[in-house]
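The values are calculated or read from the model by the stated rules, or taken from the named source; none is laboratory data. Note that this is a predicted model, so its numbers are computed, not measured. Neighbour counts run over all protein chains shown; Cβ positions are idealised from the backbone, glycine included. All accessible areas refer to the heavy atoms of the entire protein, side chains included, with ligands and DNA or RNA removed. Shrake-Rupley method; radii C 1.70, N 1.55, O 1.52, S 1.80 Å.
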Amino acid sequence: MQRLFHYSEDPTITIFQPRAHPSHPTLAPAVWAIDEARAPMYYLPRDCPRICFYKKADSESADVERFLGLTSAKMVIAIESKWYPVLTQTKLFEYTFSPESFYCWDEGAGYYLSREAVTPLVVKQLGDLVHCLSQADIELRITPSLLPLRDSLLQSSLHFSMIRMRNASLT
C-alpha cells in the first residue's frame, strides 16, 4: 500500500483536520496529501511559486526536446531567483499518512483527499532542500520570472503543475 505525504514548515501538527481549499472553493473541506512520485514538488517553502514539469507517455518529441532536451532528470522544477535564499533557509517537515481514508482526487497530479481528520504516522525534518531535490532526481532551475516558462508550457504536451503562481513576479 502506498504512502501519502503532506509538507509543512510547522513541525507541531498532531492531527490534520479537513478544511476548505482556497483554490477549490466548490470542494468539501478535506485533508490534502500527495503521492510519493510527486512529493518532490513540495520540497519547497509553502508560498514559493514553482513550475514542475516532466514527460508524459504521449508528449510530443518536439516539446520533450525543447523543455527537457538538456537534462536527464525525471522532473524539472523552476523557481524564481528571489526564492532561492528562502529555499536554502526553510526548515520543512514531511508528514507521512496511511492511505486508508484517502481517495485519489487527481491521478495526474498525485493529489489525494480525505474528508476525515488524519493523524500522521511519522513526521521528520527534510534537511537541506536543494539536496533533497537532487536526491529525488529533480533538476532545479532558477529564473528571474516564471511567466515566460508558464506561457510556453501551457501550449506544450508535457505534464506540468503550476503551484502558488499567485506569488510569482509579474515581470
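Within region 20-35, residues that are farther than 19 Å from MET165 by Cβ and in contact (Cβ under 8 Å) with a residue 12 or more places away in the chain reach partners that are part of a loop (DSSP other than H, G, I, E, B) and basic (Lys, Arg) with beta carbons closer than 7 Å, at six or more positions or on different chains, in the pairs ALA28/ARG115; ALA30/ARG115.
Of everything in region 47-71 that is among the hydrophobic types (A, V, I, L, M, F, W, C) and open to solvent by less than 40 Å² (accessible area, probe 1.4 Å), the residue that is nearest to ASN167 (Cα to Cα) is CYS48. When you check LEU4 against the structure, is it within 23 Å of PHE160 (Cα to Cα), more than 10 Å from the chain's Cα centre (by Cα) and open to solvent by less than 70 Å² (accessible area, probe 1.4 Å), yes or no? Judged against the criteria, LEU4 is a match.
Counting only helices (runs of 4 or more DSSP H) that sit completely within region 75-171, those holding 2 or more residues that are touching a strand residue (DSSP E or B) at 6+ places or on another chain (Cβ under 6 Å) correspond to 147-153.
Residue pairs whose Cβ atoms lie under 9 Å apart, sitting 6 or more positions apart in sequence or on different chains, and linking a residue in region 138-164 that is free of Cβ contacts under 8 Å to residues at least 40 places away in the same chain to a partner that is open to solvent by less than 50 Å² (accessible area, probe 1.4 Å) and hydroxyl-bearing (Ser, Thr, Tyr), are LEU147/SER169.
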